[in-house]
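Heads up: the structure comes next, in structure tokens.
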Amino acid sequence: MDKRFFNFFNLTEDQAIALLDTPQDQIKENDSRYIAASHLINFPTERAINALIRAVENNDPTLDNRIVRRKSIETLGRLEAKQALEVIHICLNDDDCYTVENAVWAVGEIGTTDANLLEDIAQLLQKPGQTHRVIIHTLTKLNYQPALERIRRFVDNADPLIASAAITSVCRFTKDYAQMGKVVAMLGHPNVLARRLSIQDLIDSRYYDAIPNIARCPVSLVFRLRGIRMLAQAGIPTGEITFETIQPHLEQTLRDHPNDLDLVHTYEATPDLTVLVRALYETDFGKCYLASKTILDHYADTAPSALLNTYSEEAKGDYGAHFHVIKLLGWLKYAPAYDLLLEALHNRQPQFQKSRAAAAIALGELGETKAIPVLEASLSEKDWVLKYAALMALEKLSAGGGHEIALNDPDWLIQAKAQNFNS
């Protein structure tokens, strides 16, 4: 589990436990039991788990306490705390549908073969007002076959996200891939959350034929890379796919050029450059990619100065826009941006990790051989995405120096790339 973003609160374990144990009506203005419940993810100890269990058992009906209970259940799930299953099981009968949803999700994270617990989750499919997608996903993940026919009833659900989860579940249980095309089609849904969740469904179903479609889905490359990597991890050991099968789609995703995506948004007329630059701040990356493509197609000469201006004014602190600006400067082959790209390559703030790999790709696009030593140095980092991007950039620069380092990398994807390295 990636925990880079969890430790934002300056609390010790003792302080977080004491805060969580404080009655809700005694909480001071600047304190938060919710933050305490969130922060305990950093302490996988019996004391922390017991404190979270106590918080779940606290049935104070106030909204603030209900929210803390939900968060405590979530944290217990993230900690995979098996000793919490009994108390989480009880929460399946809660009147608060969000508490029930978190309880179902947490059981899926912790894992269980307890037929009574799994049957109680399956029975929630017949209860109105529940989050059916989470229930279906958990039952499938835990391989509860007795729920199959109840799940099958949802394959034509009016909510495409529920239908997608149900089709995926039936596919997992029966190996019948006949309806998986409907899930693949969700990759082109106008709603960004639907596109992201369809990738998760394709992972869950181990539908390897969808890898090229995932690579072209207009969501953040983080979701696409996760999908391709997880499918590769499942399919390569069994011989159902090979590294050579996934390599072009993996590298297309890492390059992340908007021309390689099936964009779901359009413009009626070409917007002004200022409008397009502002679109790089959208939370739906599908809109950002459309803006990037339009900038490249219509404003290649004037874009660099506009991009540098937005970078200095705002994008340097906005990790989404930062990523797109870095990528665009590379695609525009704007040599004066070299130092800015180096700065992005070395930015270790957790939220800017995407930009480090983007900077590696962009440096390769600039064609500056002076970047070779810094790209080779990136092969000693922990992040596989950055290392793979650095290898691609070195390949672009016809530099084979990183090849030997990568051959001995602990990550199997980096090793596989090194074995197929073309210098």
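Observations on the model:
- Summarising the label geometry, the points placed 7 Å from Cα in the beta-carbon direction at Glu268 and Tyr98 lie 3.8 nm from one another.
- Percent of C-alpha pairs per 10 Å bin, the chain, short to long: 4, 19, 24, 26, 19, 7, 0
- The stretch 1-110 - Debye-derived log10 I(q)/I(0), Cα point model, q = 0.16, 0.18 Å⁻¹: -0.64, -0.81
- Extended-chain gain in nm, criterion 0.36 nm per residue less alpha-carbon gap, Asp301 and Asn191: 36.4 nm
- A Förster distance of 22 Å, applied to the separation of the beta-carbon atoms of Gln415 and Thr238, puts the FRET efficiency at 0.70.
- Counting beta carbons within 10 Å around each of Phe323, Phe421, Phe223 and listing the fewest first gives the order Phe421, Phe223, Phe323.
- Note on Arg196, Arg216: ascending count of other Cβ atoms within 10 Å places them as Arg216, Arg196, the fewest first.
- Computed FRET value (nearest 0.05) for Asn143 with Asp14, which takes r as the C-beta separation and R₀ as 30 Å: 0.15
- Here's the list of lysines a cross-link from Lys28 could span, going by alpha-carbon distance under 30 Å and ignoring same-chain residues fewer than 8 apart: Lys3, Lys71.
- Each listed q (0.17, 0.22 Å⁻¹) maps to a log10 I(q)/I(0) for the stretch 44-184, found by the Debye formula over equal Cα scatterers with no solvent: -0.88, -1.26.
- Euclidean distance between Cα centres, the stretch 210-273 to the stretch 336-413, Å: 20
- Simple spin-label estimate for Asp25 and Asp176 gives 5.7 nm between the two label positions (7 Å along the Cα-to-Cβ direction from each Cα).
- For the stretch 177-254: rounded, prolate or oblate by the Cα gyration tensor [a/c cutoff 1.5]: oblate
- For the listed peptides 77-89, 115-127, a ranking on the average number of other beta carbons within 10 Å per residue, highest first, reads 77-89, 115-127.
- Normalised by the number of residues in the chain, the mean separation of alpha-carbon contacts (under 8 Å, six or more apart) gives a relative contact order of 7 percent.
- Full extension of the chain between Asp156 and Asn259 gives 33.8 nm of extra length, using 0.36 nm per residue less the Cα-Cα distance.
- Normalised by the number of residues in the stretch 221-300, the mean separation of alpha-carbon contacts (under 8 Å, six or more apart) gives a relative contact order of 24 percent.
- Residues Tyr388, Tyr208, Tyr334, arranged from fewest to most other Cβ atoms within 10 angstrom of their Cβ, appear as Tyr208, Tyr334, Tyr388.
- Three-way shape label, the stretch 64-139, alpha-carbon gyration tensor, a/c 1.5: oblate
- Taken about its Cα centre, the stretch 269-397 carries a charge dipole of about 280 debye when Lys and Arg each add +1 at the Cβ and Asp and Glu each add -1 at the Cβ.
- Share of Cα-Cα pairs in the stretch 112-255 lying beyond 28 Å, as whole percent: 20
- Charge dipole (debye, nearest 20) of the stretch 1-110; +1 at Cβ of Lys and Arg, -1 at Cβ of Asp and Glu: 300
- By the helix-only formula, in which each DSSP H run with n ≥ 4 contributes -39500 (n - 2.57) and the sum is divided by residues, the chain has a 222 nm mean residue ellipticity of -18000 deg cm²/dmol.
- Principal axis extents of the Cα atoms in the stretch 294-423, from largest to smallest and rounded to whole angstrom, are 42, 28, 24.
- Top of Pro212, Pro304, Pro336 by mean-square fluctuation, Gaussian network on the chain, Cα under 10 Å: Pro336
Values in this text are rule-based calculations from the coordinates and carry no lab data. The structure presented is a predicted model; accordingly, all values stated were derived computationally and were not measured. Don't worry about glycine lacking a Cβ; one is built from the backbone with ideal geometry, like all the others, and counts go over all protein chains shown.
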